[in-house]
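Structure record follows, encoded as structure tokens.
The values are calculated or read from the model by the stated rules, or taken from the named source; none is laboratory data. Here the structure is a predicted model, which is why all the values come from computation and not from measurement. Methodologically, a virtual Cβ is constructed for each residue, glycine included, from the backbone with ideal geometry; neighbour enumeration extends over all protein chains shown. These area figures cover heavy atoms from the full protein model, side chains too; ligands, DNA and RNA do not enter into them. Shrake-Rupley method; radii C 1.70, N 1.55, O 1.52, S 1.80 Å.
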Amino acid sequence: MKSRTKIVGIVISAIAAISVAALMAWLFSLEGTKGLAQWGWSKVFIAIGALGILPLALCLAGLSRPRMEASKASALLLVSATAIASLSIIVSLGLFGFIWTKAHSAAPSIPAMGLVDPGKAIAIADSSGGAGGTLHIALSSDPHWSADTSNGPARLAILKGVAADKPARDAFFILGDNVQTGMNLAGWEAEANDIASNLPSTPVRALLGNHDAIIDGQVHYARYFFPKGFTSDSGSPYWYSIDAGPARIIVLDLLWGADSFGSAQRAWLERTLSAVPADRRVIVLSHCFFASSGYMDGTQPWFDHYGTLAEVAPILERHRVDLVVSGHNHYMEFLDRNGVNYATIGTMGGIPDPVPTHVSPFSKWFARGLYGWLDLDVTAKGTALSFKDHTGKTVHTEYVAAKR
Ligand SMILES: [Fe+2]
């Protein structure tokens, strides 16, 4: 075997390994990739990783054969390594270029939306109801703009319904999965146009969901919902607390589960909950649910979330938060677990999830197949919940008395 074949094989295999390692490091530095790997895409990431390792392994096998100079097998291994390494370089550069180009493409302009800046308090219009007045907010989740399977008319009806809500809402929260695939611009454009046209005077705060993050969708998210000049008490655009009259609203970064709940967010949450005055109601918002009815997603349970219940719920229980509202599951549900109430409202247009095969033992009320939103009317004494369908009809009410 010629030494040139050896050198070319080794150099190209090394470049391939570096290219794939750099791609993987970039992918896993992005919001949501760790969860994506845990929830169904593990084979894709293993295949990409193998493209980086295989050429080096073939090189080593070729170079370690006895009487290497004369070995046809060694030459075959090194030529194979060169061929696969060339493919690996093309694939890793191509994937990076494809994702980067899509995720960083920008619309010529973004329509003017009234947004809640997490760094500023939500203005409370209703001064009745005791200390701090009454906070009126609406919440829904999982509209999945740009998904063929989502219900566009129901989504628009919800925006119009929130705009016409009585009493008027101080803010509208969309708890993630704004779009089907975050790197595609089209969904974000459609969402912004619909909000600007149908909900012109209610400030909106959209959270990042697992679909929004796919892949590098955080760039579009920031342009549309956390633009330059916005701030937060945590320094993160994904988790923060907002002052809201009689309540403190705490937004958590939980995309697929607790995979995005790192030590910094945990320490910030403990600090923040400890500092909330006792006369404030604590409303926690997240994309991923905690307690919930659901079904099996392949081999993994898509109900009573093993990650968020184990990693985050004990903190919420210890600090006696009043209510946790989430999406991720495309249901409406109200639950009570270890002294904390949970509401699921993943019904802003995404295709309804299957009929649950697992009914959560903590469930108090459940509805599937509806589209709609949740109104919260919060005073220092407690929180009234009204689950509404997309026509504005109230389908269920609850009241959560102050817990702290
Ligand atoms: Fe969703």
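Things to note:
- Residue count for region 126-178 satisfying the condition of being within 12 Å of the ligand (Cβ to nearest atom) and within 11 Å of M348 (Cα to Cα): 12.
- Taking the conditions (1) among the basic types (K, R); (2) at pLDDT 95 or above; (3) under 19 Å from L285 (Cβ atoms) in turn, R368 satisfies each one other than (3).
- If the condition is being closer than 27 Å to D142 by Cα and part of a loop (DSSP other than H, G, I, E, B), then region 247-283 contributes L252, D253, L254, L255, W256, G257, F261, G262.
- Of all residues making up region 284-333, the number that are part of a helix (DSSP H, G or I), open to solvent by less than 30 Å² (accessible area, probe 1.4 Å) and under 23 Å from R404 (Cβ atoms): 5
- One residue from Y240, Y331 being within 16 Å of the ligand (Cβ to nearest atom) and at pLDDT 95 or above: Y331
- Residues of region 30-67 that are over 18 Å from V91 (Cα atoms) and open to solvent by 80 Å² or more (accessible area, probe 1.4 Å): K34, Q38, L60, S64, R65, P66, R67.
- Remark: pairs (first residue in region 150-167, hydrophobic (A, V, I, L, M, F, W, C); second residue open to solvent by 60 Å² or more (accessible area, probe 1.4 Å) and part of a helix (DSSP H, G or I); Cβ separation under 8 Å; 6+ apart in sequence or on different chains) are absent.
- A search for C-beta distances below 7 Å between a residue of region 385-404 that is in the same structural domain as D322 (by TED's automatic domain parsing) and at pLDDT 95 or above and any residue that is assigned to a strand (DSSP E or B) and open to solvent by 70 Å² or more (accessible area, probe 1.4 Å), counting only pairs 6+ apart in sequence or on different chains, returns L385/T397; S386/T397.
- In region 198-222, residue surrounded by the most Cβ atoms within 10 Å (Cβ to Cβ) [restricted to those that are assigned to a helix (DSSP H, G or I) and within 16 Å of the ligand (Cβ to nearest atom)]: D212
- Test: residue in region 125-137 that is assigned by TED's automatic domain parsing to the domain that holds E333, open to solvent by 50 Å² or more (accessible area, probe 1.4 Å) and modelled with pLDDT of 95 or more: no
- Considering I99, I18, the condition of being within 30 Å of L175 (Cβ to Cβ), modelled with pLDDT of 95 or more and either within 36 Å of the chain's Cα centre (by Cα) or open to solvent by less than 70 Å² (accessible area, probe 1.4 Å) (or both) is satisfied by I99 alone.
- Taking the criterion of being touching a residue at least 60 places away in the same chain (Cβ under 8 Å), within 16 Å of the ligand (Cβ to nearest atom) and not polar (S, T, N, Q), the residues of region 344-361 that qualify are I345, G346, M348, G349, G350, I351, P356.
- Cβ pairs under 8 Å, 6+ apart, first in region 200-211 and not assigned by TED's automatic domain parsing to the domain that holds Y238, second open to solvent by less than 10 Å² (accessible area, probe 1.4 Å) and within 16 Å of the ligand (Cβ to nearest atom): none
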